[in-house]
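Report on the following structure.
No lab work stands behind these numbers, since they all come straight from the coordinates. No experiment lies behind these values; they were computed from the predicted model shown. Here the Cβ positions follow ideal geometry from the backbone for every residue, glycine too, while neighbour counts run over all protein chains shown.
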Amino acid sequence: MSGAAAASNVAQKDDSQRRQKEMIADHFAKLERAKEDGRKVVYTFVPGNLTELLRALDILPVLPEINALQSGMRGKSAGYIAEAEKAGHSEDVCTYVKCDLGMMLSGNVGPTGTKIPPPDLLLLSYTGCFTFLKWFELLKEAYKCEVAMLHVPYMPDGVVTPDMRRYVVDQLRDQIIPALERVTGKKLDLDELARRLALSRQAEDDLVAVWESARRRPSPIDGYFGGVYYIGPMFTAFRGTEEAVAYYRSLKAEVDERIAQKLGAQTPDGPIAQEKYRLVIEGPPNWTSFYDFWRMFSREGAVPVASTYTRVGGLYDTGFRHDPEHPLESLADYCLGCYTNLGLPSRVDLLERYIKDYSADGFLINSVKSCNSFSAGQLLILRELEKRTGVPGAFIESDLVDPRYFGKANIENRIQSYFQMLEARKEPTRAQPQSGSGSVA
Amino acid sequence: MTNQADPAASVIARAQSIVEDLTFAEVTRWKREHTGALAVGYMPVYVPRPLFEAIGCLPVAVFGGGDRTDIIRGDSYFQSYICHIPRSTIELALSGALAPLDGMIFPSTCDVIRNLGGMWKMLFPERYGAYLDLPQNLTPALGGRFYAEELRRIARELEARGARPLDAAALREAIAAENARRALIDELDELRRSKPWLLRASEAYVAVRAGTVLPVSEHVALLGELLAALTRREVRAYDNVRVVITGAFCEQPPLGLIRTLEKSGCDIVDDDLQLGLRMIEQPITVGADTDPLVALAEAFLKNGAATACRYIDKAVKGDALIAKVRAANAEGVIFTAASFCDPALLDQPMLERALTSAKIPFTSFKFAENTGQYQTIREQAGAFSDSVKLWGGTP
Ligand code: SF4
Ligand code: SF4
């Protein structure tokens, strides 16, 4: 799952945004021509994606979560979900799955208006989310196509053990690569894979520099709403490409420029007027009312300085980089380290670190109905973080792409009360204590 | 038939009282009789019980609080759109009801149980808690080896807490005992298929589930006693519709709900309740030169039941359910999934399509473990059984 590049109606477009838009348009155009061009198409998921491997075999990836979230942003998801529910899917389950299935049932037209070809292979990188298994079982049934399954063990203690790494590497070597070679009729060129991993590494360095820029006051970036654009190329089809390296180079230059100009974070309405509250955010955003949601923060001067959602497709700011010297091992470590593959205690540790390192005034959990992987346990995360940091948290509930679960007035009220509480904490003469709880849940 | 006249009544009542006892008195008794030995709880669906028995531990299934626990604190740990079993499990843990357990295993059933494992570690850092990653890659050299390592790790961690070291002979013995239990469960299941009036599903359910908190030897004795009693049982046969229940492999429906289905004219001739003890569908064979741990691991890969929480690899979705229906000579299927159970509910449309192609009628409803109102379900099941009887059902 990832936030990516549906940046079309953000008020101000930077060079990086234009670049990303072109990359995406070009990718979907290639997908539309894939059959005529004789290129193979593989559907896969954002967490644990093996883009360098796919690219090294000249495969075009399709990320169904990205299509779902973009359908949400384009106002199409409600119809697609209704379509899937009509076909027998329960109201209770993940709406990304239903949105994707609904899109398929409605002709599989992608976010740029072009048709997405059926998969030649489903690469089921089972990383951090059980629903992925079911999702691709459903697509396998629909497309009658082969599935290559990569079981990425969960990291309950946030540690990659040698057994875990070996399990993933062995599957890559013995099953995943042979399946990709079979589908493409090509032999994997290990030098090409290493070259792409080196490109990934460069882009990852720049992305981390962008994340870390948010330690400054004011933060030159919005690490959540803005962050979902920044992760676009990295989390989708472009890691390990020259385009991604160029994108992150230009993004970093833009952020450096903002720092030089002492500009605050970008918002849908231009640079933020004043950075009043610095927040860490846990959980994915809502896509159907993305800009309304964003403005609930930006208009109050609240700046997300770090978020965990922007780490679901790879956690780089704890030091991991793809390593051309150890290609398969580093692909394994990458998959294992994705945010939703971390045990709850490690997630709390990471959030605590973000709150402290980014000098946050508060943190907010957006608990989405769709996602058990993210959501189960978040109420304990809330308590534990308040206990450890003394920083108050807010808890709201919505959904990813099902507009029925975005209660705008309710969410806005909660966020407003939360900001009032943060405001009161800034003034010691007012009643609120400076430490301890006080969450808005 | 009065209870006095029913030779099976007392053993069924004993099993039911074990199932309904949320204080885990049987576990406390076992611990008293085995000084220093560890009782290890586990969440559904499956852990390989022989591993724990072999190292002198008592594996104890924890199925939440069912319909007999007031949720006071548990709800403040889970959002309303998450199934019920984790909140009642947290309730039990916070209220001290799980105190007889020296630790908990959280198998990789779904993301909720997975995350519950993390919550356990945060809430009870001094108690043992482990995630058990069951392999979704079903190739022995890959998933099998990884899984065997997982089992060795858990055995080592428990040894550090006082369990016996893992020993091949003890594991062989525990596997043999598990096979004996499995054979008795098979006998019960066969009886339900051939003479469903002789042993109701709700009775078989408690008899099997009781074994999830007992050492295998005691469960074997209980099942033996029940089977012997059933040979003397005299019950009138009813003209019920033969159905298979599927989807309730984790959170368990209340006993009252199972009985409601029975009263609505259904003979439940097969189900996936208590799948944990039926997960391995064949006896676990251990060759003379085979490492029993490897045999235990590979049994899961090769003979693991097709269920929503397990990747089916090359198998065809729905085939296993259709085979179950045919083997039980069932006339229809009732999908019975816990509300908000992603694995079961995401599986269901695929299974429904398979049943439709095979012209097997089905109906579906959702439940929570603490569902108290059965009227709607009774009506729905009644209408379903009538339609199957009259028209062969309309899938
Ligand atoms: S459950 Fe969560 S992580 Fe899984 S597919 Fe749905 S939104 Fe993505
Ligand atoms: S009932 Fe379903 S979703 Fe809930 S814990 Fe069990 S398998 Fe997971």
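Cβ crowding within 10 Å, taken as a proxy for footprinting-reagent exposure, orders B:TRP120, B:TRP30, B:TRP197, B:TRP391 from fewest neighbours to most as B:TRP391, B:TRP197, B:TRP30, B:TRP120.
In chain A, the longest principal axis of the Cα atoms and the axis of helix A:327-337 are about 40 degrees apart. Placing pseudo-labels 7 Å out from each Cα toward the beta carbon at A:GLU91 and B:ALA141 gives an inter-label distance of 5.0 nm. The length gained by stretching the chain between A:ASP26 and A:ASN108 to full extension, at 0.36 nm per residue less their Cα-Cα distance, is 27.8 nm.
Taken about its Cα centre, chain B carries a charge dipole of roughly 220 debye when the Cβ of each Lys and Arg holds +1 and the Cβ of each Asp and Glu holds -1.
Using Cβ point charges alone (K and R +1, D and E -1), the dipole size of the range A:9-426 about the Cα centre works out to roughly 660 debye. Here A:LYS369 is the anchor, and the lysines within straight C-alpha reach of less than 26 Å, apart from those fewer than 8 places off in the same chain, are A:LYS76, A:LYS86, A:LYS98, A:LYS134, A:LYS140, A:LYS387, A:LYS408, B:LYS121, B:LYS366. Within the straight-line cut-off of under 21 Å between alpha carbons, the lysines reachable from A:LYS30 are A:LYS21, A:LYS40, A:LYS115, A:LYS186, sequence neighbours fewer than 8 places apart in one chain being disregarded. Within the straight-line cut-off of under 17 Å between alpha carbons, the aspartates and glutamates reachable from A:LYS35 are A:ASP26, A:ASP58, A:ASP120, sequence neighbours fewer than 8 places apart in one chain being disregarded. Anyone know which of A:TYR143, A:TYR334, A:TYR43 comes out most mobile in the 10 Å Cα GNM of chain A? Evaluated over chain A, the most mobile residue of the options is A:TYR143.
Summarise the long-distance tail of P(r) for the range A:10-137 by giving the % of C-alpha pairs beyond 26 Å.
Counting pairs separated by more than 26 Å, the tail of P(r) holds 23 percent.
In this calculation the C-beta distance from A:ARG173 to A:LYS262 is compared with R0 = 51 Å, giving a FRET efficiency of 0.50. Summed over qualifying helices (DSSP H, 4 residues or more, each -39500 (n - 2.57)) and divided by its residue number, chain A shows a 222 nm mean residue ellipticity of -14500 deg cm²/dmol.
Bridge orientation summary for the protein assembly as shown: considering DSSP beta bridges with both residues in this region, about 5 percent are antiparallel.
Among beta bridges identified by DSSP and lying wholly in chain A, the antiparallel ones come to about 10 percent.
With the charge dipole of chain A set up from +1 on Lys and Arg Cβ and -1 on Asp and Glu Cβ about the Cα centre, the Cα lying farthest toward the positive end among the listed residues A:THR161, A:TRP211, A:ALA360 is that of A:ALA360. Projecting the Cα positions of A:PHE419, B:ALA176, A:THR340 onto the charge dipole of the protein assembly as shown (unit charges on Cβ atoms of Lys, Arg, Asp and Glu, taken about the Cα centre) puts A:PHE419 furthest along the positive direction. Of the DSSP H helices in chain B, those with a Cα length along their own long axis of 20 Å or more and a mean Kyte-Doolittle hydropathy reaching -1.0 comprise B:145-160, B:168-194, B:216-231, B:342-357, B:375-391.
Loop-located GluC sites (Glu not before Pro) in the range A:314-365 (DSSP state other than H, G, I, E, B) with a sparse environment of at most 10 neighbouring Cβ atoms within 10 Å: A:GLU325. For the range A:12-87, rounded, prolate or oblate, judged on the Cα gyration tensor with a ≥ b ≥ c (square roots of eigenvalues), a/c < 1.5 rounded, else prolate if a/b > b/c? Note, shape of the range A:12-87 comes out oblate.
Specify whether the C-alpha gyration tensor of chain B places it in the rounded, prolate or oblate class, a ≥ b ≥ c being the square roots of the eigenvalues: rounded for a/c under 1.5, otherwise prolate if a/b is larger than b/c and oblate if not. Rounded, since a/c falls under 1.5.
Fewest neighbouring Cβ atoms within 10 Å first, the residues B:MET43, A:MET155 line up as A:MET155, B:MET43.
Each DSSP beta bridge with both residues in chain B is either parallel or antiparallel, and the antiparallel ones are about 5%. Estimated at 0.36 nm per residue, the fully extended path between B:ALA13 and B:SER194 surpasses their Cα-Cα distance by 62.8 nm.
Taking the Cα centre of the range B:81-152 as origin, work out the dipole magnitude from +1 charges on Lys and Arg Cβ and -1 charges on Asp and Glu Cβ, in debye rounded to 20.
Details: 6 positive and 7 negative charges, 9 e Å.
That gives the range B:81-152 a dipole magnitude of about 40 debye.
Classify the range B:24-160 from the C-alpha gyration tensor, please: rounded if a/c falls under 1.5, else prolate or oblate depending on whether a/b exceeds b/c. Oblate, because a/c is 1.5 or more while a/b does not exceed b/c.
Farthest towards the positive end of the charge dipole of the protein assembly as shown, among the residues A:PRO268, A:ALA253, A:GLY314, is the Cα of A:PRO268, using unit charges on the Cβ of Lys, Arg, Asp and Glu.
Which of B:ALA306, B:ALA330, B:ALA237 moves the most in a Gaussian network model of chain B with Cα springs under 10 Å? Answer for the Gaussian network model of chain B: B:ALA237. Here the extension length gained between B:ALA176 and B:GLU157 equals 4.4 nm, from 0.36 nm per residue of separation less the Cα-Cα distance. Listing B:ASP271, B:ASP186 from fewest to most neighbouring C-beta atoms within 10 Å gives B:ASP186, B:ASP271. Counting only helical runs of four or more DSSP H residues, what would the 222 nm mean residue ellipticity of chain B come to if each run contributes -39,500 (n - 2.57) and the total is spread over all its residues? Using -39500 (n - 2.57) per qualifying helix, the result is -14500 deg cm²/dmol. In nm, give the distance between the simple-model label positions of B:THR290 and B:ALA383, each being 7 Å from the Cα along the Cα-to-Cβ direction. If labels sit at B:THR290 and B:ALA383, their model points lie 4.9 nm apart.
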